[in-house]
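**Student:** I am attaching a structure below and will ask some questions about it afterwards.
The values are calculated or read from the model by the stated rules, or taken from the named source; none is laboratory data. For clarity, every value in this text was computed on a predicted model and none was experimentally measured. Ideal geometry is used to build each Cβ from the backbone, glycine not excepted, and the neighbour counts take in all protein chains shown. When the accessible area is computed, the model is the full protein with side chains, heavy atoms only, and any ligands, DNA or RNA have been set aside. Shrake-Rupley method; radii C 1.70, N 1.55, O 1.52, S 1.80 Å.
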Amino acid sequence: MITVSGKAVCAGVAFGPVFVFSREESTIKRYHVENSEDEIERFEQARTQAISELDMLYNKAIGEVGEANAMIFQIHQMMLEDLDYIESIKNIITDQLINAETAVGQTCDNFVQMFRAMDDAYMRERSADVKDVSERLIKILSGRDKGNIIYDNPVIIIADDLAPSETVQFDKEKILAFVTEGGSTNSHTSILARMMNIPAVIGAKGALDPSFNGKTAIADGFTGTLYIDPDEDTISKMTEKKREIEEQTKLLQQLKGQKSITKDGQKIELCANIGNVHDVGAVLNNDAEGIGLFRSEFLYLESNDYPSEDIQFAAYKSVLSQMVNKRVIIRTLDIGADKQVDYFNMPKEENPAMGIRAIRICLTRPDIFKTQLRALYRASVFGRLAIMFPMIASEWEILKVLEIIENVKNELDSEGLAYSKNIELGCMIETPAAAVTSDILAKHLDFFSIGTNDLTQYTLAADRQNPDIGEFCDSHHVAVLRFINMVIQNAHANGTWVGICGELGSDITLTETFLAMGIDELSVTPSAILPIRKKVTETDVSAIKDIVLKNI
């Protein structure tokens, strides 16, 4: 038995034969051309065909992975319309009098190097898109048809990584799992695996061995392990693990469509945390009752410059429209600390976790804040929007935020732009100061959402980014739980509802504790929705409340 370890990106267990995916090497023959105009015309014809193919792939992908994930093919079409890309190819043909295939290959290499040199991780990953688009052009120009990727039986696919156009060609009914040597949690392979809800492992160095092709394997998407030619003991253990998972999943599916209500009638909203527009499908598939945290900073992290009002508006509108009047809580940008963006040009700080971050950036750079608020308010007419503000520590910060919002609303009114008059406003409770003064803050807001990750960090003076801090950063510490209970009681006394959107919300060992405190909402990773709903429906709060609260 050979064991290959990687990183798990989608849970599950798959048994089956290995299909080692290898690409046909694209050897480009360079040759001299007499007429550059004829060669440019040949390139333009290939470009037109490529755009047409991508349009067909987009329509195919919509039915298989949803519109949000199919958008990558529209992005590829836009790449083929990019003037810098087109002009580079044409200039190489004209200046060097060489064939279009070679010009595309040279341009591809230049653009890939440019993307890979960028600091932003998301932009570095886009180099794969440039290669995919360029490879399509080269194959059309050279007359080599990609054809379909064919295999007779369901397989575990192993690859270095997969481009969107490759994954769409797979027969989804015959994919048991994805295992890649490269990739990332935001790669197209990972996104597709989560959408299909099949096991996926990335970073599995050594998996791309041609000798593995056709061999029996087990992919464990919980531990990120690939077993090649597993022994009898491993087969037995993994078979039992798979059976238990399937049984649990089957039982949990019965909870879809049900309300999250305890045995004694206490209702709680179970919502989902998302990082970008692509995650909405997982929210709906797992029957979340809303989105309790949309991390809007992804729009800034994935951009080379400040995202415009219209770009933000389009993203917020998309999420709100897809959620069909289920509440969507969008957190204003939470840049700083561990989330740095180069073009913000933030000064280096000795202690960035306690420096200029989140709401502090918004209040010291109001133009950036107003742009985001305008986009949010404009999008509000397309769904049920709530807005919350991170890293609040003082009442004056909330008052200043409300003042800026009034200015934004006045601007929109003067421009004749519509917005909802029923937007809920709230703030994150992440600092001990916010927790202690939550009775004061509650008088100005509709809701609180407790960010337990930072609340734990600041309460215990324990850097959550430090891997060596270990047991000193105890999120179950009684001080953290007392703060949570205090916030809930202060909020309820002032007619404000409270949710938890930090990692503790997914901790089933604390679900009863939060119910006993009277929490109104839990916002968690989409896959945790149904397991927590099961725990909620099995709990009788009246029977445990006194005991639980006595121990806090």
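**Student:** Taking Thr537 as meeting all but one of (1) under 30 Å from the mean Cα position of the chain (by Cα); (2) open to solvent by 10 Å² or more (accessible area, probe 1.4 Å); (3) over 30 Å from Gln253 (Cβ atoms); (4) not charged (D, E, K, R), write down the number of the exception.
**Tutor:** (3)
**Student:** If you check Pro307 against the conditions, is it open to solvent by less than 50 Å² (accessible area, probe 1.4 Å), more than 22 Å from Leu402 (Cβ to Cβ) and either of a type outside the set (Lys, Arg) or in contact with a His (Cβ under 7 Å, 6 or more places away or on another chain) (or both)?
**Tutor:** Yes, satisfied.
**Student:** Could you please give the count of residues in the stretch 436-449 that are over 14 Å from Trp497 (Cα atoms) and either in contact with a strand residue (DSSP E or B) (Cβ under 6 Å, 6 or more places away or on another chain) or of a type in the set (Ser, Thr, Tyr) (or both)?
**Tutor:** Residues that pass the stated criteria total 1.
**Student:** What residue, among those in the stretch 282-304 that are of a type in the set (Gly, Ala, Ser) and open to solvent by less than 20 Å² (accessible area, probe 1.4 Å), is nearest to Arg331 (Cα to Cα)?
**Tutor:** Selected residue: Ser296.
**Student:** Search the stretch 333-382 for residues being acidic (Asp, Glu) and either over 25 Å from the mean Cα position of the chain (by Cα) or under 23 Å from Ile398 (Cα atoms) (or both), and hand back the single one that is surrounded by the most Cβ atoms within 10 Å (Cβ to Cβ).
**Tutor:** Selected residue: Asp334.
**Student:** How many residues, within the stretch 363-419, are assigned to a helix (DSSP H, G or I), charged (D, E, K, R) and under 21 Å from Val319 (Cβ atoms)? Can you show your working first?
**Tutor:** From the stretch 363-419, those assigned to a helix (DSSP H, G or I) are 363-364, 366-382, 395-415; that's our starting set.
Within this subset, residues satisfying the condition of being charged (D, E, K, R) are 367, 370, 374, 378, 395, 397, 400, 403, 406, 409, 411, 413, 415.
Then keep just the ones that are under 21 Å from Val319 (Cβ atoms); that gives 370, 374, 378.
Residues flagged as assigned to a helix (DSSP H, G or I), charged (D, E, K, R) and under 21 Å from Val319 (Cβ atoms) within the stretch 363-419 amount to 3.
Yes or no, residue by residue, for (1) hydrophobic (A, V, I, L, M, F, W, C); (2) closer than 23 Å to Leu255 by Cβ:
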site: Gln489; (1), (2): no, no
site: Ala493; (1), (2): yes, no
site: Val498; (1), (2): yes, no
site: Phe514; (1), (2): yes, yes
site: Val524; (1), (2): yes, yes
site: Ile529; (1), (2): yes, yes
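**Student:** Let me ask something else. Search the stretch 99-114 for residues being touching a residue at least 40 places away in the same chain (Cβ under 8 Å) and in contact with a helix residue (DSSP H, G or I) (Cβ under 7 Å, 6 or more places away or on another chain), and hand back the single one that is nearest to Ile40 (Cα to Cα).
**Tutor:** Result: Ala100.
**Student:** Is there a residue being open to solvent by less than 60 Å² (accessible area, probe 1.4 Å) and at pLDDT 85 or above anywhere in the stretch 55-74?
**Tutor:** No, every residue in the stretch 55-74 fails to be open to solvent by less than 60 Å² (accessible area, probe 1.4 Å) and at pLDDT 85 or above.
**Student:** Something else now. For residues that are open to solvent by 50 Å² or more (accessible area, probe 1.4 Å) and modelled with pLDDT under 85, scanning just the stretch 12-44, find the one that is farthest from Ile218 (Cα to Cα).
**Tutor:** Checked the stretch 12-44; the qualifying residue farthest from Ile218 (Cα to Cα) is Lys29.
**Student:** Which one is farthest from Ala282 (Cα to Cα), of the residues in the stretch 84-95 that are at pLDDT 90 or above and open to solvent by 80 Å² or more (accessible area, probe 1.4 Å)?
**Tutor:** So, considering only residues that are at pLDDT 90 or above and open to solvent by 80 Å² or more (accessible area, probe 1.4 Å), the one farthest from Ala282 (Cα to Cα) is Asp95.
**Student:** Out of all the residues in the stretch 435-460, which are open to solvent by 20 Å² or more (accessible area, probe 1.4 Å), under 18 Å from Val480 (Cβ atoms) and not hydrophobic (A, V, I, L, M, F, W, C)?
**Tutor:** Narrowing the stretch 435-460 to residues open to solvent by 20 Å² or more (accessible area, probe 1.4 Å): 436-437, 439-440, 443-444, 446, 453, 458-460.
When the remaining residues are screened for being under 18 Å from Val480 (Cβ atoms), the result is 436-437, 453, 458-460.
Selection gives Thr437, Asn453, Tyr458, Thr459.
**Student:** If you don't mind, another one. So, in the stretch 252-267, how many residues would count as being in contact (Cβ under 8 Å) with a residue 12 or more places away in the chain and surrounded by fewer than 15 Cβ atoms within 10 Å (Cβ to Cβ)?
**Tutor:** 7
**Student:** So, in the stretch 384-414, how many residues would count as being touching a strand residue (DSSP E or B) at 6+ places or on another chain (Cβ under 6 Å) and over 19 Å from Glu297 (Cα atoms)?
**Tutor:** Matching residues across the stretch 384-414 total 1.
**Student:** Examine the stretch 362-371 for a residue that is among the β-branched types (Val, Ile, Thr) and under 13 Å from Glu424 (Cα atoms), and state whether such a residue exists.
**Tutor:** no
**Student:** Let me ask something additional. How do the pairs read when you match residues in the stretch 344-368 that are under 21 Å from Glu403 (Cα atoms) and without any contact (Cβ under 8 Å) to a residue 24 or more places away in the chain with residues anywhere that are assigned to a loop (DSSP other than H, G, I, E, B) and open to solvent by 10 Å² or more (accessible area, probe 1.4 Å), using Cβ under 9 Å and keeping only pairs 6 or more apart or on different chains?
**Tutor:** Pairs found: Ile356/Met346; Ile356/Pro347; Ile356/Glu349; Thr364/Ile356.
**Student:** Is it the case that some residue within the stretch 218-240 is touching a helix residue (DSSP H, G or I) at 6+ places or on another chain (Cβ under 6 Å), modelled with pLDDT under 80 and not basic (Lys, Arg)? Full working, then the answer.
**Tutor:** First, pick out the residues of the stretch 218-240 that are touching a helix residue (DSSP H, G or I) at 6+ places or on another chain (Cβ under 6 Å): 218, 227-228.
Filter again for modelled with pLDDT under 80, leaving none.
No, because not a single residue in the stretch 218-240 is touching a helix residue (DSSP H, G or I) at 6+ places or on another chain (Cβ under 6 Å), modelled with pLDDT under 80 and not basic (Lys, Arg).
**Student:** Scan Asp463, Asp454, Asp507 and give me the residue that is more than 21 Å from Pro352 (Cα to Cα) and among the acidic types (Asp, Glu).
**Tutor:** Asp507
**Student:** Go through (1) closer than 10 Å to Ile392 by Cβ; (2) open to solvent by 10 Å² or more (accessible area, probe 1.4 Å) for Pro432 and report which single condition fails.
**Tutor:** The single condition Pro432 does not satisfy is (1).
**Student:** Taking Ile330 as the residue in question, decide whether it is buried (at least 19 other Cβ atoms within 10 Å of the Cβ), under 15 Å from the mean Cα position of the chain (by Cα) and within 18 Å of Asn273 (Cα to Cα).
**Tutor:** Yes; evaluated as a whole, the condition is true for this residue.
**Student:** With respect to Phe313, determine if the residue is more than 24 Å from Ala433 (Cα to Cα), crowded, with 16+ Cβ neighbours inside 10 Å and touching a Ser or Thr at 6+ places or on another chain (Cβ under 7 Å).
**Tutor:** No.
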